[in-house]
Amino acid sequence: MLIIRGKVVTLRRFSINIKSNFINLFTFLIHFMSNFKNVQPLDDFNWDEFENGSINNVNKTDLEKAYDETLNKVSEHQVVDGKVISFDKKEVVVNIGYKSDGIIPASEFRYNPDLKVGDIVEVYVENQEDKKGQLILSHKKARLSKSWERINAALDNEEVITGFIKCRTKGGMIVDVFGIEAFLPGSQIDVHPIRDYDMFVGKTMEFKVVKINQEFRNVVVSHKALIEAELEAQKKEIISKMEKGQVYEGTVKNITTYGVFVDLGGVDGLIHITDLSWGRVSDPHEVVQLDQKINVAILDFDNEKKRIALGLKQLTPHPWDALDENLKVGDHVKGKVVVIADYGAFVEIAPGVEGLIHVSEMSWSQHLRSAQEFMHVGDEVEAVILTLDRSERKMSLGIKQLKDDPWETIEVKYPLNSRHTAKVRNFTNFGIFVELEEGVDGLIHISDLSWTKKVKHPSEFTQVGAPIDVVVLEIDKENRRLSLGHKQLEDNPWDTYETIYTPGSVHTGKITEAMDKGAVIALNEGGEGFATPKHLVKEDGSQAQLGEELPFKVIEFVKETKRIILSHSRTFEEGKDEKKSRGTRHSATKKEEAPAINNVAAGTTLGDLDALAALKAKMEKGE
């Protein structure tokens with residue numbers, strides 16, 4: 001029994017045999033009643049004819065066709081408009097004029113917190129009827145299918161759109177725009193740097209599409225672009241009224257390693273790190289803080305590039321102008337090392353007033369050294385003013401002047417022939433440079449290292465950094481040079497050798513070095529001699545070898561050149577010559593008829609040759 005408009009309709013045998021996947025009885029009745037408002041009960045309804053397929057000469061198929069025409073024509077995978085008839089926290093029921101309503105998850109409407117009953121929304125028909133006879137709709141897919149058209153149109157028309165900020169991501173935010181996830185870079189959130197992105201999550205804001213990648217379906221939006229046009233107009237107005245030297249109040253917007261950006265009320269300016277303070281600034285954070293209100297001076301600006309150079313230190317007098325007028329060259333000052341370089345150190349004696357201590361003014365030493373060996377950044381030092389130029393705002397300082405110059409009294413502390421201990425600094429081919437004290441250096445010539453040993457290079461004698469005893473041989477105060485000696489610490493052994501190694505004397509020696517031109521022989525009494533190969537022949541005709549110890553005869557001694565010429569062969573040849581000479585004279589007495597030979601050269605003995613050699617040596621000495 002049904003009650004329609006107050007009338008009772010009896011459906012005793014109402015049954016319609018239609019396909020189960022096409023229509024059900026409940027849906028038929030609902031739509032039948034909604035489309036046929038004036039339904040009158042049929043007293044003479046023939047149920048038998050209805051069951052046989054016709055009613056009052058009306059075919060059952062025609063009835064089904066008439067019913068279908070009362071419904072909207074809906075196709076799958078189509079986007080249509082629907083009306084919200086109810087919703088809760090989980091589902092939204094939408095009527096699209098079809099035989100059944102569709103249910104959509106409420107999460108698909110999260111972007112629209114103001115959704116209400118009666119709103120017209122776009123839906124995508126996924127399935128007209130699932131296994132349960134339910135119409136399957138999707139609002140998200142409907143939005144996606146048309147979102148690209150709307151987003152592209154928004155880009156082309158520079159349209160302002162609304163989006164929901166879903167979450168934070170690396171470098172920015174994810175924004176839901178028309179159901180599409182777009183990227184909002186952190187730099188495009190606002191004209192001012194954003195330090196806390198989380199405060200924007202969950203907010204609905206207006207954006208402008210700035211870039212679309214059609215291939216990868218990536219969208220980039222910007223909120224900053226909406227206000228840049230307005231700011232651009234403000235910038236032009238502000239810059240048009242600017243003049244160099246004007247003072248503006250601004251807010252510290254950003255701090256970098258090279259300077260500070262200041263917001264002047266719609267236009268930004270940069271204070272370079274060198275314009276923050278008259279003194280040296282290593283970190284701008286030492287002078288200003290973020291969001292701090294400061295007064296700045298306009299140093300320069302560019303209308304085209306919209307660049308403004310600002311200054312903070314220019315609002316205070318230059319420290320050089322306030323420097324003590326009584327300060328002069330020769331005065332002692334104290335300060336802090338602010339910069340170290342290889343060539344010197346900058347010392348700040350007052351905020352903004354610096355002086356340079358060149359590395360040559362750090363020590364009386366002549367050695368090239370680095371400033372880092374004397375001081376470090378942050379050290380408090382005392383110095384002497386060497387030069388002072390107030391007009392150029394330059395000052396040179398020195399610290400070695402705090403000590404007496406050792407060369408002023410060099411002849412008193414290091415007189416001639418005085419003995420001292422020095423430190424080896426470095427070698428050259430011709431000698432050794434040593435340091436007696438800070439600022440006092442000297443040279444030991446290679447010939448002054450040893451009386452007896454022939455030194456080919458100073459490294460054979462000592463090493464860098466080692467102590468060495470020296471004697472002062474010569475002082476050149478004007479050129480700050482000292483000539484030193486080492487061998488002079490001992491008596492000259494050649495004075496003694498002169499009395500020992502007389503020409504003709506025989507001494508025992510050992511061959512210590514052999515070469516093509518001869519051999520070096522170390523004599524037992526000290527000193528070294530030299531013998532040529534022909535003077536190294538032994539009595540048996542063999543050649544003397546390295547390491548052999550043999551008697552040697554001195555055939556030449558020269559003290560000035562420290563040369564001793566030796567011969568082993570002469571030690572045994574001399575006896576043979578004497579015997580041969582005596583035999584010749586004896587045979588001559590027996591032969592009276594033989595004429596006497598008065599030949600001086602023939603009668604000259606080896607002894608005579610030795611005497612001649614000694615005479616030659618004296619002549620070479622000039623005696």
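Across the stretch 256-299, the mean sequence separation of Cα contacts (distance under 8 Å, 6 or more residues apart), normalised by length, yields a relative contact order of 30 percent.
Projected over every direction and averaged, the convex hull enclosing the alpha-carbon atoms of the stretch 307-412 yields 9.2 nm². Residues LEU310, LEU144, sorted by accessible area with the largest first, give LEU144, LEU310 [1.4 Å probe; ligands and nucleic acids excluded]. ARG563 exposes around 100 Å² of accessible area when a 1.4 Å probe is run over every protein chain in place.
Taking 19 Å as the straight-line reach from the Cα of LYS538, the aspartates and glutamates in range (excluding those fewer than 8 positions away in the same chain) are GLU513, ASP516, GLU548, GLU549, GLU573, GLU574, ASP577, GLU578.
When you filter the trypsin sites (Lys or Arg not before Pro) in the stretch 280-355 for DSSP loop state and at most 11 other Cβ atoms inside 10 Å of their Cβ, you are left with LYS305, LYS328.
Placing +1 on the Cβ of every Lys and Arg and -1 on the Cβ of every Asp and Glu, with nothing else charged, gives the stretch 204-249 a dipole about its Cα centre of roughly 160 debye. When only the Cβ of Lys, Arg, Asp and Glu is charged (+1, +1, -1, -1), the dipole of the stretch 403-491 relative to its Cα centre reaches about 400 debye.
In this structure THR561 has an accessible area near 90 Å², from a 1.4 Å probe over the protein heavy atoms. Summary value for the stretch 427-474: 32 percent relative contact order, contacts being C-alpha pairs under 8 angstrom separated by 6+ residues. Centre-to-centre separation between the Cα atoms of the stretch 386-437 and those of the stretch 70-129: 97 Å.
Sorting HIS445, HIS457, HIS332 on solvent-accessible area from highest to lowest, probe radius 1.4 Å, gives HIS332, HIS445, HIS457.
Expected output is a single nm value to one decimal: the length gained when fully extending between TYR343 and VAL537, i.e. 0.36 nm times separation in residues minus the C-alpha distance. What is it? Show your work: numbers first, answer last.
Details: separation 194, 0.36 × 194 = 69.84 nm, distance 6.55 nm.
My answer for the length gained is 63.3 nm.
Expressed as a whole percent, the accessible area of the stretch 315-445 that falls on carbon and sulfur atoms is 52 (1.4 Å probe). Think of the stretch 132-261 as a dipole: +1 on every Lys or Arg Cβ, -1 on every Asp or Glu Cβ, centred on the Cα centre; then among MET199, VAL209, TRP148, TRP148 lies furthest on the positive end.
Among MET242, VAL287, TYR258, whose Cα sits farthest toward the positive end of the charge dipole of the stretch 233-346 (+1 at Cβ of Lys/Arg, -1 at Cβ of Asp/Glu, about the Cα centre)? Projecting each Cα onto the dipole axis, the largest value belongs to MET242. Sorted on the mean count of surrounding Cβ atoms within 10 Å across their residues, most packed first, peptides 548-560, 161-173 read 548-560, 161-173. Restricting the stretch 411-442 to GluC sites (Glu not before Pro) that sit in a DSSP loop and have at most 14 other Cβ atoms within 10 Å of their own Cβ leaves GLU438.
For the stretch 460-477 and the stretch 508-524, compute the distance between their C-alpha centroids and round to whole Å. Comparing the Cα centres of the stretch 460-477 and the stretch 508-524, I get a distance of 30 Å.
Checking the a/c ratio against 1.5 first, then a/b against b/c, what shape does the Cα gyration tensor give for the stretch 388-531? Can you show the working numbers first?
Numbers: a/c = 4.14, a/b = 2.62, b/c = 1.58.
Cα axes put the stretch 388-531 in the prolate bin.
For the stretch 439-545, applying the loop criterion from DSSP together with a ceiling of 16 other beta carbons within 10 Å to the GluC sites (Glu not before Pro) yields GLU478, GLU490, GLU525, GLU539.
How big is the charge dipole of the stretch 134-276 about its Cα centre, in debye rounded to the nearest 20, if each Lys and Arg gets +1 on its Cβ and each Asp and Glu gets -1 on its Cβ? Mind showing how you got there, number by number?
Details: 19 positive and 20 negative charges, 138 e Å.
Using only the charged Cβ atoms, the result is roughly 660 debye.
Using a cutoff of 8 angstrom between alpha carbon atoms and counting only pairs six or more residues apart, the relative contact order for the stretch 339-484 works out to 19 percent. Measuring between alpha carbons in the structure, the pairs from LYS170/LYS253; LYS166/LYS236; LYS132/LYS166 lying more than 24 angstrom apart are LYS166/LYS236; LYS132/LYS166.
Over 29 Å apart at the Cα level, from the set LYS83/LYS211; LYS208/LYS293; LYS99/LYS203; LYS116/LYS141; LYS131/LYS203, are LYS83/LYS211; LYS208/LYS293; LYS99/LYS203; LYS131/LYS203. Amide H contacts of GLU126 (H built 1.01 Å from N, in plane; Pro and chain starts excluded): HIS77, ILE136, LEU137, SER138 sit under 5 Å, all sequence-distant by 5 or more or on other chains.
The values are calculated or read from the model by the stated rules, or taken from the named source; none is laboratory data. Please read these numbers as outputs of a predicted model, since none were measured by experiment. Cβ atoms come from the backbone with ideal geometry, glycine included; neighbour counts cover every protein chain shown. The protein model used for the area step is the full one, side chains on, heavy atoms only, and it has no ligands, DNA or RNA in it. Shrake-Rupley method; radii C 1.70, N 1.55, O 1.52, S 1.80 Å.
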